[in-house]
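Derivation of every value follows stated rules applied to the coordinates shown; laboratory data play no part. Since this is a predicted model, take the numbers as computed values, not measurements. Here the Cβ positions follow ideal geometry from the backbone for every residue, glycine too, while neighbour counts run over all protein chains shown.
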Amino acid sequence: MKQINLRSAITCALLAALGAVFSAYLSIEIPVSGTKLVEISLAPVAVMIAGIFFGPLLGGMVGFVTDTAGFFLGVQHGAYNPVFSVTMALFGVIAGLMFFKTKEIKWPRVLITVILAQAVCSVILNSAAIHWFYGVPLQVLLWPRAISAIVEVPIYTIVMLAISYGIKRIYYQNKTGENKYGKQTGKTKKSA
C-alpha cells in the first residue's frame, strides 16, 4: 500500500470539509410525504475528486467523513443513518477504481465515472436504503431519483473537470517546483 503523505492527508481533509459544507448548506432537498427522496448537492463532486487523485481508500474515507459531517452540520430530518455515509463513501471508491491505473483526466472517463457512481449510489443503493428503512415504495422512489441523477450527471461532470484540472495543475506544479513551461515557481532547484 502506498504511504499517505501530509499533503495528501491535508488535501483530503479539505475536500471532506468542502463536501460537508456542500451537503449541509448548499444542497436542495425535495421531500415527498415528509421523506427526503431527492437531494441535489455538490458533495459527491468533492468525494469523487478525492477518489480520482488519491485512490479508492482515501476517496471512500473522504466520502464517509463528508456525509457524516454534513449531516451533523446541517438541519437534517430524522436520525443519522450510517448507510447513507457508506453510499457516499462508494462515490469515492468508484472514482478511485476508475482512475486507479491512470491519473489522466479526460472528459469521457469522468463522464463514465459520474454515470456509474450516480447509478450505483444514488439511484440503486440510496433508493433501496430509503425503501428499507423508511418504507417508501420503490415505484415512488426510482423515477424522481433517476431524473435527479440525469440532471446531476452533466453538472457533476463539468464541475469535476474544472476542479480536477485546477487541482492537478496546482498540486503537481507545487510538487515539482516547475510550472508547465519548465520555469521555476519560487522553489530553488536542487544542485547536482
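Brief remarks follow.
- The chymotrypsin sites (Phe, Trp or Tyr not before Pro) of the range 83-143 include none that meets both conditions, a loop assignment by DSSP and at most 11 other Cβ atoms within 10 Å of the site Cβ.
- Per-peptide average of other Cβ atoms within 10 Å, ordering 136-146, 49-59 highest first: 49-59, 136-146
- The range 1-145 shape via C-alpha gyration tensor axes, a/c threshold 1.5: prolate
- Distance-filtered residues of the range 62-103 - backbone nitrogen under 18 Å, label point 7 angstrom along Val136 Cα→Cβ: 71, 75-88
- 19 Å cut-off, amide nitrogen to a point 7 angstrom out along Ile40 Cα→Cβ, residues in the range 130-164: 141-161
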